[in-house]
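First up is the structure itself, then whatever we jot down about it.
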Amino acid sequence: MTELMEVARHLLGIAMASHWLLLILFVAAAVDAVFPVVPSEGMVITAGMAAAAGHQNLLLVITVAMLGSVIGESTCYFLGRGSGPALHRWMKRQERRQQLYERVAAALHKRGGLILMTVRYIPGARMVATLTAGATRYSFKKFIVFTFAGVTIAYTYVALLGYVGGDAFAHDQLKGLAFSLGLAATIGLVVETSRRIVVRRRAAKVTGA
């Protein structure tokens, strides 16, 4: 076990100092926006730790992640715009997906800016929101403005988590990574739990009325 930990520390150190880290980060952020199978947050946290160690530039890390995500989300938008009816049929295959589609479609045209800025904090909702924005012909100018604002806030926050963890555990990068990922998961859990409580209370008020 100790040997495995040492190997992991060694590999993490190589990754953080690699010149390819920013390119990998860019690709991960872009792919994650279209196919949410690559957790780009983990890559941003690692890059933030690398910045704390002096291997990367924190501002550049945030900028690269932002650009990758904006390109990925814009791709989703245009995929949605080009396949509106087909997208609607795909959404109908799952009740949860259909409900999310209908809620997002209605909310986009009422408070689109807020939805596009905060949807990335709801698990699995970002891709649905961006596809729906395209399918419902939501203004691309507004879409790109609010998307830029959302990714700026999101990736600054995530990169800073990595930076704090890397700074606090400069002597052990593996512990720093575990700390940062754990902190991100805890904050995400608190936010998602709070959101669900608010939604349930609103639903209870509507039912009671």
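The values are calculated or read from the model by the stated rules, or taken from the named source; none is laboratory data. Bear in mind the structure is a predicted one, so any value in this text is a computation, not a measurement. Here Cβ is always computed from backbone atoms with ideal geometry, including for glycine, and neighbour counts include all displayed protein chains. Side chains included, ligands, DNA and RNA excluded: accessible areas come from the protein's heavy atoms. Shrake-Rupley method; radii C 1.70, N 1.55, O 1.52, S 1.80 Å.
Would a scan of the stretch 33-44 turn up a residue that is part of a loop (DSSP other than H, G, I, E, B) and either of a type in the set (D, E) or over 11 Å from the mean Cα position of the chain (by Cα) (or both)?
Checked the stretch 33-44: at least one residue is part of a loop (DSSP other than H, G, I, E, B) and either of a type in the set (D, E) or over 11 Å from the mean Cα position of the chain (by Cα) (or both).
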Task: Only one of M1, M5 that is at pLDDT below 70 and open to solvent by 90 Å² or more (accessible area, probe 1.4 Å) - done: M1
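Residue by residue through the stretch 45-77, note down the ones that are β-branched (V, I, T), surrounded by 19 or more Cβ atoms within 10 Å (Cβ to Cβ) and closer than 12 Å to A159 by Cβ.
First pass over the stretch 45-77, keeping only residues β-branched (V, I, T): 45-46, 61-64, 70-71, 75.
Next, from what is left, pick out any that are surrounded by 19 or more Cβ atoms within 10 Å (Cβ to Cβ): 45-46, 61-62, 64, 70.
I45, T46, V61, I62, V64 - these are the residues of the stretch 45-77 that are β-branched (V, I, T), surrounded by 19 or more Cβ atoms within 10 Å (Cβ to Cβ) and closer than 12 Å to A159 by Cβ.
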- [ ] Taking the residues in the stretch 10-33 that are surrounded by 15 or more Cβ atoms within 10 Å (Cβ to Cβ) and modelled with pLDDT under 85 as candidates, determine which candidate is nearest to H55 (Cα to Cα).
- [x] M16
Task: Only listed residue being under 19 Å from I45 (Cα atoms) and open to solvent by 60 Å² or more (accessible area, probe 1.4 Å), chosen from V164, V158 - done: V164
Task: Wholly enclosed helices (runs of 4 or more DSSP H) of the stretch 62-178 bearing at least 3 residues over 25 Å from T193 (Cα atoms) and at pLDDT below 75 - done: 84-92
